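Worksheet: the structure to be examined is printed underneath.
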Amino acid sequence: MAENISSGTRSFALGSITRPRQDSPYLKLNESWSIANAKIEQALDTLLPRSGGLHGRVKAAMRYAVFAGGKRLRPFLTLQSARLFGVPTARALRAASAIEFIHTYSLIHDDLPCMDDDDLRRGRPATHVKFDEATAVLAGDGLIPLAFEVLAAPETHPSADVRSTLLMRLGGAIGADGLVGGQMIDMLAPGRAFDIEDVIILQRMKTGALFEFSCESGAILGCAAQHHRTRLREYARALGIAFQIADDLIDATGSAERAGKTVGKDYASGKATLVSLLGFDGARRKARLLAEHAVDVLSPFGSEAEFLRLLPKYLLDRDS
Ligand code: GRG
C-alpha cells in the first residue's frame, strides 16, 4: 500500500503508511507530506556533494544511503514547526536536510556488522553491503560534518546567534547524552533486565533526541519564545515514544517486505521494548495516550499546527 511519489529527481515510497480514506483528514496530510518530500529531495540533492574525484566512492555511498527512499519524517517535522513561526521555506529546508543527513548516518552505522548487523535498509542492501564496511563508516562520518556545515552557513539564517543555537542543540541531541548514548545503551541491552523506565530513557536518547531537535529547529529558526520551543520538544518526546512503539510492533508483527528492513530480531532476541514489557494491547494503549498527549501540547497553536496534530495518530497506523 505504499504511496508512490515522484519527487522530480526520483521516485520513492512514503513508507507503507496505510492509505487514507478519500474523506479522511489524513488525505490532506498525505498530500502535504508528498509535496514537502519533493522539495526535501531537491534540497538534499543540492546540498550533497556530487560524486567525483579520487574519493568519489565515499560521496557515491553518501548519496546511495540518503536517496534510499526514507519517509523524511524528521524533515517534515522541521518544515511543519517552522511553518508555525513563518520561517521562509528555503531556510527550513536547509535545517530539515541537515537532520536527514544525521538520521541517515545513524542508520548506516546502526546497520554495520559491529552494531545491529543488518543487511537490509529501506528495502535495499544496507550501505556496507552495497559498498563495503570501510566505505559505509566513512559515508556515515561524512554526513555528520555536512549537517553542521549546512546549519552553520549564513543561508540557513542571517543571525549567527540562531545558527550557533542550532549547532549547539544538534550537537547535544546526537552526542553522548543523545543519539550516541542511546545507541550505547541499546548495544548493552541484550541480557540486561531493563524496566519500562530504562526503555523510555533509551528511546528518548536514541530516537527521541533527534525528533526533539527536528521540532525545535523550526522554532529556533523562527526565533520563537522559549515556552514555544519547550512545547515543541514535549510534543516531539511523546511522538517519539509513540513512533518507537509502532516500530517495535512492526518488528514483532510486521513483514520484512512491507517494512523494507529485517523484522523480528528484537522480538526474537527477547530484547526489552515497550511491546515486550507492556504486551501488545498495553503498548498500543500507551501509544494512543502518548499520541493524544502530543496533540494536547499543541493547544496554543492555531490551524497552522493541523498537520502536527494529525501526525501522531497517522504514524501509529504505519507498517514501515
Ligand atoms: C549509530 C549512533 C548510532 C545510532 C543509531 C537510528 C538508530 C540509532 C538506530 C536505528 C534502529 C532503529 C530501529 C531505531 C528506532 C526507530 C528508527 C530511528 C527508525 C527508523 O526511522 P524511520 O522509520 O526510517 O523514520 P526512514 O527509513 O523512513 O527514514
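Which residues' amide hydrogens lie under 5 Å from the amide hydrogen of residue 120, considering only partners 5 or more residues apart or on another chain, with H built in the peptide plane?
126, 262
Tell me the net charge near residue 136. Cut-off is 15 Å between Cβ atoms, residue 136 excluded, with +1 for each Lys or Arg and -1 for each Asp or Glu.
Local net charge: -2.
With r defined as the distance between the Cβ atoms of residue 303 and residue 149 and R0 fixed at 30 Å, what FRET efficiency is calculated, to the nearest 0.05?
0.25
Which entries of 59/206; 59/313; 28/59; 206/313 show an alpha-carbon separation above 29 angstrom in the structure shown?
Exceeds cut-off: 59/313; 28/59.
Toward the positive end of the charge dipole of the chain, about the Cα centre and with charges on Cβ (Lys, Arg +1; Asp, Glu -1), which of 242, 108, 301 goes farthest?
Of 242, 108, 301, it is 301.
The numbers here are math on the coordinates, done by the rules we state, and not lab data. The structure presented is a predicted model; accordingly, all values stated were derived computationally and were not measured. Every residue, glycine among them, receives a Cβ derived from its backbone with ideal geometry; neighbour counts consider all protein chains shown.
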